[in-house]
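Notes to accompany the following structure.
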Amino acid sequence: MVSGKEERYQFTWPDKKKSILLANAPIAGTLRPCREESVNFDKTENLYIEGDNLDVLKLLRETYLNRVKMIYIDPPYNTGNDFIYEDDFSEDTGEFLARDGQYDEQGNRMVRNLDSNGRFHTDWLNMIYQRLRVARDLLADDGVFFISIDDNEVQNLRKICEEVFGEGNFIACAVWKRRASSAMDQSKASTDHEYILCYQKGGFTALRGKIKDYAGYSNPDNDPRGIWTTGDLTVGMNGDMRPNQYYDLIDPKTEKIYPANFNRVWSYVPDSMKKLIEENRVLFPEDTSKRPMLKRFASELKSDTNPFSTWMKDVGMNTEGTKTVYSLFDNTSMFNYAKPLSLIKQLIEQATVVSANDIVLDFFSGSATTAHAVMQLNSEDGGKRKFIMVQLPEICDEDSEAAKAGYKNICEIGKERIRRAGAKIKADSPMTTQDLDTGFRVLKLDSSNMKDVFYTPGEYIKQELDFDGLIDNIKHDRTPEDLLFQVMLDLGILLSSKIEQREIGGQAVFSVADNYLIAYFDRVTEEIVTEIAKLKPYYAVFRDNSFATDATLVNFEQIFATYSPTTIRKVL
């Protein structure tokens with residue numbers, strides 16, 4: 001047996017340390033709102049975010065820390081044909097990658113991970129590992145994480161998840177039948193299944209399992225405790241192992257004797273059994289060769305579900321998902337291999353609470369099945385779940401039906417699906433879905449709204465920068481609403497918070513979450529500052545170069561000290 005400090009079990013691969021560094025590396029980015037592509041922008045609490053999901057997760061990390069109840073992802077499976085994110089590992093491996101032809105001349109980061117690639121597993125592991133590390137921070141303490149995967153990387157993914165979430169936080173590895181077996185399958189077994197790994201953050205109670213149907217329950221004796229069914233009164237132990245449970249049982253009413261069974265003794269000692277009989281919980285049959293049974297009442301069950309790991313047997317296959325998208329897009333084949341709605345609905349049912357405003361995140365959104373499932377389930381059970389979809393705007397193949405129909409990228413397909421699905425759900429049940437949130441705010445990943453003014457003098461000369469352009473520290477193409485969402489991210493305010501524009505002093509001012517934050521980025525006068533201070537917001541944010549005069553900039557602190565000293569002030 002070999003032991004020592006240097007030798008211990010671990011799961012590692014090339015570039016793992018660099019992957020950890022990338023997961024923790026800060027980014028200078030922001031999320032810019034896009035009203036024209038959104039639905040019910042001002043009132044919806046759902047989000048659709050376009051951009052590299054690693055960068056998006058980093059931006060969301062502080063604001064949504066420990067707030068997401070459920071995460072589901074359907075990442076690329078690494079079949080040899082999937083496109084994966086390279087995430088800038090080219091510094092040390094650039095020559096190798098160039099030799100293998102995995103990057104084009106423009107340095108595109110999405111590449112096809114062919115099984116002929118010498119870094120076939122390494123590239124995939126680096127891609128998924130850092131995303132899971134960041135996503136775990138978003139998961140609530142009682143949250144749960146579902147990940148779809150097939151045989152190609154399931155073993156590696158389990159090892160990664162055990163490192164990220166902890167081995168003790170594994171919940172289940174469920175098997176999902178994705179298709180009927182096919183003679184055209186090139187594998188030796190015609191693989192027709194995939195897996196869904198399930199992990200918790202640490203405080204998740206349990207998967208709900210299957211709702212009990214109570215078919216075997218009744219109340220023939222009108223017991224005031226309600227319907228009941230029978231249960232065994234014996235246990236698989238013999239008389240030598242449990243001598244105090246090896247005895248003859250007597251019905252006190254009829255004095256009939258039910259002899260002891262040496263190889264299967266009673267479940268209770270005599271005193272406990274006597275108490276059950278007194279409480280009318282024991283059924284004595286007429287035939288003494290048969291065993292008495294225990295009455296189990298439905299009202300005393302701890303749960304109305306039967307927990308088990310095979311609950312996914314009742315969900316549809318990939319064909320269901322494909323048909324759903326096909327039907328929504330007027331019988332046009334827009335997206336192949338979309339996950340079935342029934343599958344994602346069951347996952348959401350297993351992990352979320354109907355009465356809560358649980359957030360469901362999917363950062364490999366694809367055709368937006370998860371968003372569709374959230375809306376559909378809310379319409380059925382009255383839930384208030386919210387979704388956050390994240391998707392890289394991958395370009396549609398120019399020969400695809402989607403491209404021919406005018407969709408440039410996967411994000412356009414996903415957003416349109418949510419629009420159509422929401423409209424259909426409301427049309428199908430107009431009386432019960434009047435308050436159903438089928439909208440979504442579109443946000444797009446972009447560089448920071450702030451200019452980089454931290455150049456050295458040498459760089460000023462080298463880049464021939466315009467010094468006059470540095471008077472304003474905000475990029476010229478950014479709108480007040482762009483600044484508002486950056487402020488919300490910076491201050492940890494949910495991006496789904498209610499946003500209103502109020503008129504103060506004849507000017508439009510942003511009010512977020514009922515004056516929790518008030519932001520104003522146009523010309524600032526002392527009158528406007530005074531009116532804002534009188535509203536006593538928790539945060540008040542202004543733009544540095546918008547103050548009408550230097551005196552206004554100097555006096556605004558005193559104005560807040562007079563009318564709302566507890567307000568936290570911030571100037572961009």
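Just so it is clear, none of the values below were taken in a lab; they were calculated from the coordinates. Note that this is a predicted model, so its numbers are computed, not measured. All Cβ positions, even for glycine, are placed from backbone atoms using ideal geometry, and neighbour counts span all protein chains on display.
Assorted remarks:
- Listed by chain and number, the lysines whose C-alpha is less than 21 Å from the C-alpha of LYS18, apart from same-chain residues fewer than 8 away, are LYS58, LYS159.
- Here's how it looks for ILE49: its modeled amide H is under 5 Å from those of MET389, VAL390, GLN391, LEU443, which are all 5 or more places away or on a different chain.
- Share of alpha-carbon pairs per 5 Å distance bin for region 479-571, given as whole %: 3, 15, 29, 27, 19, 7, 1, 0
- Cβ-defined net charge surrounding SER333, 14 Å radius [Lys, Arg +1; Asp, Glu -1]: -1
- Near THR234, the amide H atoms lying under 5 Å from its own belong to SER267; only residues 5 or more places off or on other chains count, and H is placed 1.01 Å from N.
- Rg(Cα)/(2.2 N^0.38 Å) for region 228-300, N = residue count: 1.06
- Pairs from the list LYS408/LYS444; LYS408/LYS475; LYS384/LYS426 with a Cα-Cα gap above 19 Å: LYS408/LYS475.
- With K and R counted +1 and D and E -1, the other residues having a Cβ less than 11 Å from that of ARG178 yield a net charge of -1.
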